[in-house]
Structure formats: structure tokens, C-alpha cells
């Protein structure tokens, strides 16, 4: 099996983690309606702006994945690890990710987009 280049691995990981971050931002936006905040609008605006930035980046990542003919799908999941299969130019590679690492990476992305939305 060929080793995937570093830039391709980074693209694959962004393709894995960005949809998770977008899902979390969507859920947070919906959850704001039921929160007891007196002023919800600033929070909604911050999350909406973050969501738009993340969706734009996700669209760019998906275009790059299609352009490079890379497919990613989840094959197996247990309480500790998630197994993803990546097909790059017809070659298949399996990557196991430790679930707390996935959570940490998504958390980092969320922080990035929330701070990027402020500026």
C-alpha cells in the first residue's frame, strides 16, 4: 500500500473533522432557541458566522477531495476507536482514530471558527 503524502493526509483529516464541526455548530444554533439567555441574538450571530465560514471551507475541501479522487468513509466504530477507509487513486488505506483525539481535533476546529467569526 502506498504511503499517502502529508498534504493529502491533512486534506483527508479536514474532510473527516469539518463535517463534525458543522454538525455541532448547527445543533448549537438550534439549541440556542431553548436556552434561557435574555439576549440570544449575539450568540446566534456568532455561531451563524462561524457556521458560514466552516461550510465554505468544507465545500472547498470536498471540491479538493473530488478533484484528487479521494473517497472517505467510516467502516467501523467502537467505544475507543473509529476506523475510516480512504481510497486515493484506487488504493485503499485504513486509518484508525482514537475517539478522544477526534473530539480534540473537532474542538480545535470549533475554537478556530468561533474566533475567526469574531474578527
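Throughout, read-outs are computed from the coordinates displayed, never taken from laboratory work. Nothing here was measured: the structure is a model prediction, and the numbers come from that model. Note: ideal-geometry Cβ built from the backbone for every residue, glycine included; neighbour counts use all protein chains shown.
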Using the per-residue mean of other Cβ atoms lying within 10 Å as a proxy for protection, in what order, highest first, do the peptides 54-66, 70-82 fall? 54-66, 70-82
Between residue 68 and residue 108, the FRET efficiency computed from the C-beta separation at R0 = 35 Å comes out, to the nearest 0.05, as 0.90
Subtracting the Cα-Cα distance of residue 89 and residue 43 from 0.36 nm times their residue separation yields 12.3 nm
What is the helix-to-structure angle for 6-31, meaning the angle in degrees between its Cα long axis and the longest Cα principal axis of the chain, kept from 0 to 90 and rounded to the nearest 10? 30
Would you mind telling me which residue in 67, 94, 38 has the biggest mean-square fluctuation in a Gaussian network model of the chain, where springs connect alpha carbons within a distance under 10 angstrom? 38
So the angle from the long Cα axis of helix 41-67 to the longest Cα principal axis of the chain, reported in degrees to the nearest 10, equals 20
Rounded Å value of the spacing that divides the Cα centres of region 55-106 and region 1-45: 15
Give me the one-decimal nm value for the distance between modelled label points at residue 31 and residue 6, 7 Å along each residue's Cα-to-Cβ direction. 3.6
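Among 24-33, 104-113, what's the highest-first ranking by average C-beta atoms within 10 angstrom per residue? Show your work: numbers first, answer last.
Working: 24-33: 14.2, 104-113: 16.6.
Result, highest mean Cβ count within 10 Å first: 104-113, 24-33.
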Give me the angle, in degrees from 0 to 90, between the Cα long axis of helix 99-118 and the longest principal axis of the Cα atoms of the chain, rounded to the nearest 10. 50
Calculated from DSSP H runs of 4 or more alone, at -39500 (n - 2.57) each and per residue, what is the 222 nm mean residue ellipticity of the chain, nearest 500? -21500 deg cm²/dmol
Under a crude label model (7 Å from the Cα following the beta-carbon direction), how far is residue 116 from residue 60 in nanometres? 0.7
Provide, as a two-decimal number, the C-alpha radius of gyration of region 71-119 over 2.2 N^0.38 Å, N being how many residues it has. 1.47
Answer with a single label: of [x] 56, 32, 18; [y] 68, 29, 22; [z] 59, 44, 17, which was calculated as Cα extents along the principal axes in Å from the structure in view? [x]
